[in-house]
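Derivation of every value follows stated rules applied to the coordinates shown; laboratory data play no part. This structure is a prediction, so every number in the text was calculated from the model and none was measured. All Cβ positions, glycine included, derive from the backbone under ideal geometry; neighbour counts span all protein chains shown.
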Amino acid sequence: MRWAFVAVILLALLGCSERGKNGTSESNFSETKIEWPPRTARIDNSASSIMPNAQLKLEIPKTALVKYSGAEESVGGIFVPIAGRFDVSEGKLVSKVGPIEKEASFKAWGYVYSHGKNKEVIGWGPCLTSGELIVSNIFIKSVPSDRMVENSFNAEDFGPNYTLIKLEPSKGHRLCIWIKEQDSGMRISPSKAVTKFGSGEIGGKCTESIDSTDDLLFITAGYIGTTATFGDKKFVRQQDGWYYGTKKVSK
């Protein structure tokens with residue numbers, strides 16, 4: 001009887017332990033209260049030097065153009081890189097707001113997808129993989145509801161209006177710039193497969209809004225598909241907002 005009693009206790013403890021392993025994540029997600037947008041205010045002293053009327057500028061300068069080359073194929077009437085046969089080298093993106101300036105470097109490229117069941121490729125762009133960048137607060141700004149980019153980076157509030165993005169190559173981080181195709185007048189049938197070799201340079205102003213028809217480069221921080229690590233928490237941007245695990249945390 002004594003051994004049976006001990007066995008029952010051990011089984012009960014093991015059962016509790018297993019439930020903890022399997023249920024902790026879900027339980028924590030449902031019980032965790034998260035301030036939104038997330039804030040640490042740790043670097044607010046630096047951000048306080050930014051005047052309220054300051055304009056955020058994002059640009060690939062002429063002295064640090066992105067260079068690319070490799071094989072491209074037609075997809076849906078546009079040309080996009082072929083994985084394994086296309087390279088991006090050099091180039092920097094400089095962000096400046098008030099007296100604060102940060103820069104990050106390009107070393108990769110990525111697709112822009114339509115968000116939906118088919119996940120179709122609708123564009124591409126070079127990706128930043130190292131350095132730091134200031135952007136508008138990614139947790140409150142609106143983004144296209146039908147575009148998806150697989151970004152990942154560390155994030156921290158830089159005052160209430162901005163986010164400081166940190167990219168670490170060792171963690172496979174990336175933040176992609178979407179290139180809007182210029183209308184060359186040439187039309188490619190979406191059903192016709194065409195392959196070509198492309199090379200060139202990319203530079204100029206980068207905007208955070210896709211509304212302007214004059215701009216060609218769009219930063220995709222916060223787009224659907226973005227994973228932002230904020231302190232010890234990972235937030236993922238889905239179509240209807242930001243999620244922490246299975247819990248929607250954005251308003």
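List every residue whose amide H lies under 5 Å from the amide H of residue 86, counting only residues 5 or more places away in sequence or on a different chain, with H placed 1.01 Å from N in the peptide plane.
71
Counting Lys +1, Arg +1, Asp -1, Glu -1, what net charge surrounds residue 126 among other residues with beta carbon under 12 Å of its beta carbon?
Residues near residue 126 contribute +1 overall.
Using modelled backbone amide H atoms (1.01 Å from N, in-plane), which distant-in-sequence or interchain residues come within less than 5 Å of residue 245's amide H?
Here 236 satisfy the definition.
Can you tally the net charge around residue 152? Count Lys and Arg as +1, Asp and Glu as -1, for every other residue whose Cβ sits under 12 Å from the Cβ of residue 152.
+3
What ³J(HN,Hα) values, in whole Hz, does the Karplus curve 6.51 cos²θ - 1.76 cosθ + 1.60 give for the range 149-161 when θ = phi - 60°, with x put for Gly and Pro?
9, 8, 8, 8, 6, 8, 9, 8, 5, 10, x, x, 9
Sum up the charges of everything whose Cβ sits under 13 Å from the Cβ of residue 136, counting Lys and Arg as +1 and Asp and Glu as -1, but leave residue 136 out.
0
Go through the range 237-251 residue by residue and turn each phi into a ³J(HN,Hα) via Karplus (6.51, -1.76, 1.60, θ = phi - 60°); whole Hz please, and just put x for glycine and proline.
Taking θ as phi minus 60°, the curve returns 8, 10, 4, 9, x, 8, 10, 10, x, 9, 9, 6, 10, 7, 6 Hz for the range 237-251.
What GluC sites (Glu not before Pro) in the range 117-154 are in a loop by DSSP, with at most 15 other Cβ atoms within 10 Å of the Cβ?
Taking the range 117-154 and a limit of 15 other Cβ atoms within 10 Å, the loop GluC sites (Glu not before Pro) found are 120.
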